[in-house]
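First the structure, in the form of structure tokens, and then the observations on it.
The values are calculated or read from the model by the stated rules, or taken from the named source; none is laboratory data. Everything numeric in this text was worked out from a predicted model, so none of it was measured. Positions of Cβ are backbone-derived with ideal geometry, glycine not excepted, and every protein chain shown enters the neighbour counts. Quick note on the areas: whole protein, heavy atoms, side chains included, nothing else; ligands and nucleic acids left out. Shrake-Rupley method; radii C 1.70, N 1.55, O 1.52, S 1.80 Å.
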Amino acid sequence: MDASPILSGLPSGLARALADDPAAFSRFLALPTEGKRALIRQSRNVHSQEEMRALATSLHV
């Protein structure tokens, strides 16, 4: 599956958080399409950088 359409639609805060955390980015890429979409939807309810970093870090589990 080509991740390009999903990556091009990433909210900027989530993109920055994933760029700062290569392990989280790798895990994000490994998610199935619906998992990626769910995380993107969740990121739209985040209101601070700290919360966005926590969301990215949650991919480590």
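Just need the Rg to Rh number for the chain, please, alpha carbons only, Kirkwood Rh. It would help to have the intermediate numbers written out before the result.
Details: Rg = 10.4 Å, Rh = 11.3 Å.
Radius of gyration relative to Kirkwood radius: 0.91.
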Using a 1.4 Å probe on the protein heavy atoms, what percent of the accessible area of the chain belongs to carbon and sulfur?
55 percent
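Roll a 1.4 Å probe over the protein chains and send me the accessible area per residue for the chain in Å². Present the calculation step by step, with values, prior to reporting the outcome.
Working: 3920 Å² over 61 residues.
Spelled out: the 1.4 Å probe surface of the chain, per residue, equals 64 Å².
Tell me what the chain gives for mean residue ellipticity at 222 nm when only DSSP H runs of n ≥ 4 count, each as -39,500 (n - 2.57), the sum divided by the residue total, rounded to 500 deg cm²/dmol. Provide the component values of the computation, followed by the final result.
On the way: 5 runs with 42 residues, N = 61.
Taking each H run of at least 4 residues, the total per residue is -19000 deg cm²/dmol.
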Let me cross-check ILE6: its accessible surface, 1.4 Å probe, with only protein heavy atoms counted, in Å² to the nearest 10?
20 Å²
Please calculate the 1.4 Å probe accessible area of THR33, with all protein chains present, and give it to the nearest 10 Å².
40 Å²
Testing the spin-label approximation: label points 7 Å from Cα along Cα→Cβ at ALA23 and GLU51. State their distance in nm.
2.5 nm
